[in-house]
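Novice: Handing you a structure now.
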Amino acid sequence: MAKVLVVTSGKGGVGKTTSTAALGVALAKGGKNVVLVDFDVGLRNLDLVMGAERRVVYDLINVVQGDAKLAQALIRDKRIQTLSLLPASQTRDKDALTDEGVARVIAELKEKFDWIICDSPAGIERGATLAMRHADVAIVVTNPEVSSVRDSDRIIGLLDSKTEKAERGEHMDKHLLLTRYDAARAERGEMLKVEDVLEILSIPLLGIIPESEEVLRASNVGAPVTLSDTPSAPARAYLDAARRLNGEALEMTVPSDRKGLFGKLFGRRAA
Amino acid sequence: MTAVTRPRHSIRFHSRSYHAMALAPEPPVANWLAELDAWLERSPGFFASRPIVLDLFSRKLSKSDVESLTKDLLERKIQVLGLEGADPSFAEFGLPPLLTSGVRPANAIADVPDDVNDGEPVAAPVVQRPNSLLLDSPVRSGQYIEHLQGDVIVIGSVASGAEVIAGGSIHIYGTLRGRAIAGAGDPRARIFCRKLEAELLAIDGLYMTADDMEPQFRGRSVRVWLDGNTVMMTAQD
């Protein structure tokens, strides 16, 4: 049974696209057929983060408007056979997305894939509402700071009212993914603690992704952190989150990269 | 596979409440208009582009009086959008629509003399059944709950940026981080919450922002009520 998952947040820059890519890779590594759909029309990024920017021919808008077939627009990942990407258009804007067109594309994707992961644009307008419209499950990406938490709360309200599932009176599964978490700074009161965020948002926790330089590096080289054979701390957190999405009950931990003595002595290489 | 879609252009209906100013004309209408003119001279443009309702609870004006009065008012740039307390026979095309659900200040009702009830029975005051709104889920940021017919009970928290408005009291079995506006027209209404982190509290139009609240109440279980023109607060734990 195909599942449509939306990765959303309200606020921009909290890690939606990074999380979409990392979770998509993690789920696909587990043998599932996964497609990542970039809904950020006009500001597409997922192709870069996935390292597929040089292979984009057709995009979501072409398929929505019937100019291209779905199979023409899907880009299969070269590293993982079961992972595909449906890129957004960079030249158009969100108005080019139609209700009917998106419904048709999602229905078609559901026949081919186990997981359809929709990367939502920031904001609460058309692009974001269409990305969540057909979702069965939602991941709300939140940073441990007040503005991000309030925007997430707003998005949760929309998930409970504007999605097809909500309109049918069904319960929408929502999970919190706390990104850029720094336990030491939270302890010093410089950022919100996990409990504070959970208390405000009151939705179940899917994972805590520690703040790490590794994430930025991975985005820049187009290889999601979960791709590596020697997973870093954020990669382990994403891999655990993906297993929880598949229904496994794992203990919640904040992975960290402990540096050994040599790591401390030779932490940085001189330029 | 075909997708079932709904028609794109559906008509939307909303019920909304607005504030309007109610004018209570007295016969003879000519004298009343003269007084109004004198008043308008001192405060020109006071009624311009404001929603005006004619208060006809005294039942002293006939239908033709009201007809000519609305025209006279229009000449003075006062547009009547509805009639309140009018005889049901006034419900006719050409006259402003009859309004019924207005909330009147309690003291104004005492002015209605009993003896002017010329044969037409005045509708008996509707006995309101207990009518509270119970919400089982948290109120999220950006959500707006309005229930002017009674109390609002929230089982969960009210988020920062959310707003709850009640005609009666507001009970929040969680943390109040947003705005709670109780007692729209009822100074006896109260606000209760398990944990106070509110942005704004108001009862019957008197409000208090987070800055005005005593820091000692922050984070505590609190009861809020009105004492004259002061918003009072006490901890319940």
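The values are calculated or read from the model by the stated rules, or taken from the named source; none is laboratory data. On a predicted model such as this, the values are computed, not experimentally measured, just so you know. Note that each Cβ is placed from the backbone with ideal geometry, even for glycine, and that neighbours are counted across all protein chains shown. Side chains are part of the model used for accessible areas, which takes the heavy atoms of the whole protein and leaves out ligands, DNA and RNA. Shrake-Rupley method; radii C 1.70, N 1.55, O 1.52, S 1.80 Å.
Novice: Of all residues in the range B:140-170, how many are open to solvent by less than 40 Å² (accessible area, probe 1.4 Å), away from every other protein chain (no Cβ under 14 Å) and either in contact (Cβ under 8 Å) with a residue 60 or more places away in the chain or not aliphatic (A, V, I, L, M) (or both)?
Specialist: Adding up the residues that qualify gives 5.
Novice: While we're on this one: With respect to the numbered conditions (1) farther than 21 Å from residue A:120 by Cβ; (2) assigned to a loop (DSSP other than H, G, I, E, B); (3) within 12 Å of chain B (Cβ to nearest Cβ), which one is the sole condition not fulfilled by residue A:192?
Specialist: Condition not satisfied by residue A:192: (3).
Novice: Which number in (1) modelled with pLDDT under 95; (2) over 20 Å from residue B:161 (Cβ atoms); (3) open to solvent by 50 Å² or more (accessible area, probe 1.4 Å) marks the one condition that residue A:196 misses?
Specialist: That leaves (2) as the condition not met.
Novice: Only residues that are in a loop (DSSP other than H, G, I, E, B) and surrounded by fewer than 16 Cβ atoms within 10 Å (Cβ to Cβ): list them for the range B:59-87, please.
Specialist: Matches in the range B:59-87: B:62, B:76, B:77, B:79.
Novice: Separate question: Which one of the conditions (1) free of Cβ contacts under 8 Å to residues at least 60 places away in the same chain; (2) away from chain B (no Cβ under 11 Å) does residue A:181 fail to meet, given that it meets all the rest?
Specialist: It is condition (1) that residue A:181 fails.
Novice: Here's a follow-up. Pick from the range A:85-122 the residues that are polar (S, T, N, Q), in contact with a Gly (Cβ under 9 Å, 6 or more places away or on another chain) and open to solvent by 10 Å² or more (accessible area, probe 1.4 Å): which of them is farthest from residue A:2 (Cα to Cα)?
Specialist: Of everything passing the filter in the range A:85-122, A:91 is farthest from residue A:2 (Cα to Cα).
Novice: Another question, if that's okay. Evaluate the range A:131-147: report whether one residue or more is open to solvent by 20 Å² or more (accessible area, probe 1.4 Å), away from every other protein chain (no Cβ under 13 Å), over 23 Å from residue A:211 (Cα atoms) and in contact with a helix residue (DSSP H, G or I) (Cβ under 9 Å, 6 or more places away or on another chain).
Specialist: Checked against the condition, which is being open to solvent by 20 Å² or more (accessible area, probe 1.4 Å), away from every other protein chain (no Cβ under 13 Å), over 23 Å from residue A:211 (Cα atoms) and in contact with a helix residue (DSSP H, G or I) (Cβ under 9 Å, 6 or more places away or on another chain), the range A:131-147 yields at least one hit.
Novice: Related question: On the given criteria, is residue A:161 among the hydroxyl-bearing types (Ser, Thr, Tyr), over 15 Å from the mean Cα position of the chain (by Cα) and within 11 Å of chain B (Cβ to nearest Cβ)?
Specialist: Working: among the hydroxyl-bearing types (Ser, Thr, Tyr): yes; over 15 Å from the mean Cα position of the chain (by Cα): yes; within 11 Å of chain B (Cβ to nearest Cβ): yes.
Yes: the conditions hold for residue A:161.
Residue-by-condition table, conditions (1) outside the structural domain of residue B:25 (by TED's automatic domain parsing); (2) in contact with an Asp or Glu (Cβ under 7 Å, 6 or more places away or on another chain); (3) of a type outside the set (Lys, Arg); (4) under 19 Å from residue B:28 (Cβ atoms):
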position: B:67; (1), (2), (3), (4): no, no, yes, yes
position: B:70; (1), (2), (3), (4): no, no, yes, yes
position: B:76; (1), (2), (3), (4): no, no, no, yes
position: B:79; (1), (2), (3), (4): no, no, yes, no
position: B:82; (1), (2), (3), (4): no, no, yes, no
position: B:88; (1), (2), (3), (4): no, no, yes, no
position: B:91; (1), (2), (3), (4): no, no, yes, no
position: B:98; (1), (2), (3), (4): no, no, yes, no
